[in-house]
Amino acid sequence: MRIPVNAIVFEDFETLDIMGPVELFGLLQEHYQVQFYSLNGGLISNKHGVILQTQPFKDMTVNQHSILLVPGGIVTFDLIQNQPLLDQLKTLALHSGHVLTICTGSSLLAATGVLDGVQATSNKMAFEFVQKLNDKVRWQAQARWVIDGKFYTSSGVSAGMDMTLAFIRDTQGEKMAQLCAEEAEYIWNCNPEIDHFCKVKAD
C-alpha cells in the first residue's frame, strides 16, 4: 500500500515550498501517492502562474500513515485569520501520521494550537512574526529543519527539500534518501544545524 502524501495548497502558495518536496516524494512512487488538496477543491493558482487541480479537504484520506504537507508563502499572514481553514487544518494535522511544513506553513499550524509545546522552525525572514503569533511553540531560531515527534518543520522555501530528504531517510533509510538527492541532482544539506539563513534575521 502506498502512503498518501496529502499536499495542501491555497491561493498564492509558494511554488518551491510544495513542488520541491513533491518532486522528491514523486521519485518514490512505489512508496508514496501524492494528491493536491485545498479547502473547497477546484483550481488553485499562485503568483507564478502555477495552477493546480485540487480535491477538497473533506475527500482527503487521513490515517496513522498519511503525510500532511503544508507549504507557506506571504499569503499565510492573512490565512491565520481564516478560521474555517484553520479548523479543518487542525483536524487534519491531529489525525495525520506525519505533518511536514515548509517555510511559513508552520505559522498556520501554530495558529491552530497543534504546535503548542512542540519544537519548530520557520522562514527566518518571518521569524519574528511567527514567534509573536504563538509563544507556546518552542521556536528554534537556528535550524534548517526541526523534528519533534510526528512534526517536521523547515525553514524557508528550499529548506523543504532538505527536510523531505531527512524524512525519507528516517522512514526509508539513508541509501534511499541519497539516491533521491542524486536523481534530483540536488546537493542535500543533511545537517539541520547548518542554517546559513538564520543570519538574515539579525541583519
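Under the rule of -39500 (n - 2.57) per DSSP H run of 4 or more residues, summed and divided by the residues of the chain, what mean residue ellipticity at 222 nm is obtained, to the nearest 500 deg cm²/dmol? My calculation for the chain gives -9500 deg cm²/dmol from helical runs alone. If you take all other residues with their beta carbon under 9 Å from the beta carbon of THR112, and give Lys and Arg +1 and Asp and Glu -1, the sum is 0. Applied to the range 39-54, the Karplus parametrisation 6.51 cos²θ - 1.76 cosθ + 1.60 on θ = phi - 60° returns per-residue 3J(HN,Hα) values of 3, 10, x, x, 7, 10, 10, 10, 5, 8, x, 7, 10, 10, 7, 10 Hz, with x for Gly and Pro.
Close amide H pairs (under 5 Å, H built 1.01 Å from N) link GLN119 with ARG138, residues at least 5 positions away or on another chain.
Among the DSSP beta bridges whose two residues both lie in the chain, what percent are antiparallel, rounded to the nearest 5?
On the way: 8 of 28 bridges.
The antiparallel proportion sits near 30 percent.
Residues of the chain: accessible area per residue at 1.4 Å, in Å²?
Values: 9350 Å² over 203 residues.
It amounts to 46 Å² per residue over the chain.
Taking other residues whose beta carbon is less than 10 angstrom from the beta carbon of CYS190, and scoring Lys, Arg as +1 and Asp, Glu as -1, yields 0. Backbone geometry of the range 117-132 corresponds, through the Karplus equation with coefficients 6.51, -1.76 and 1.60 at θ = phi - 60°, to 3J(HN,Hα) couplings of x, 9, 6, 7, 9, 7, 4, 5, 6, 10, 5, 4, 4, 5, 4, 6 Hz, x marking Gly and Pro. Starting from one equal scatterer on each C-alpha and no solvent at all, send me the Debye-based log10 I(q)/I(0) for the range 19-165 at q = 0.10, 0.20 Å⁻¹, two decimals. Log10 I(q)/I(0), no solvent term: -0.31, -1.39.
For the chain, the relative contact order works out to 19 percent when only alpha carbon pairs closer than 8 Å and six or more residues apart are counted.
Atom-type composition of the exposed protein surface of the chain places 51 percent of the accessible area on carbon and sulfur (1.4 angstrom probe).
Extending 7 Å from the Cα toward the beta-carbon at both LYS90 and PHE77 defines two label points whose distance is 2.5 nm. Of the listed residues MET163, MET19, MET60, the order by accessible area with a 1.4 Å probe, largest first, is MET19, MET60, MET163. With contacts taken as Cα pairs under 8 Å and at least 6 residues apart, the range 157-199 reaches a relative contact order of 35 percent. In a reduced charge model with +1 at each Lys and Arg Cβ and -1 at each Asp and Glu Cβ, the range 3-184 shows a dipole moment near 340 debye about its Cα centre. When the GluC sites (Glu not before Pro) in the range 123-203 are filtered for DSSP coil states and for at most 13 other beta-carbon atoms within 10 Å of their beta-carbon, the remaining sites are GLU185, GLU193.
Would you count, across the range 3-184, every pair of lysines whose alpha carbons are under 17 angstrom apart, provided the pair is eight or more residues apart or spans two chains? Value for the range 3-184: 4.
Placing pseudo-labels 7 Å out from each Cα toward the beta carbon at ASP12 and GLU193 gives an inter-label distance of 3.8 nm. The distance from the alpha carbon centre of the range 92-114 to that of the range 127-203 is 14 Å, rounded to a whole number. Treating each Cα of the range 8-103 as one equal point scatterer and applying the Debye formula with no solvent, the log10 of I(q)/I(0) at q = 0.18 Å⁻¹ comes out as -0.84.
The values are calculated or read from the model by the stated rules, or taken from the named source; none is laboratory data. This is a predicted model, so every value here is computed, not measured. No Cβ is skipped: glycine too gets one built from the backbone with ideal geometry, and neighbour counts run over all protein chains shown. Please note that ligands, DNA and RNA were not included when accessible areas were found on the heavy atoms of the full protein model with its side chains. Shrake-Rupley method; radii C 1.70, N 1.55, O 1.52, S 1.80 Å.
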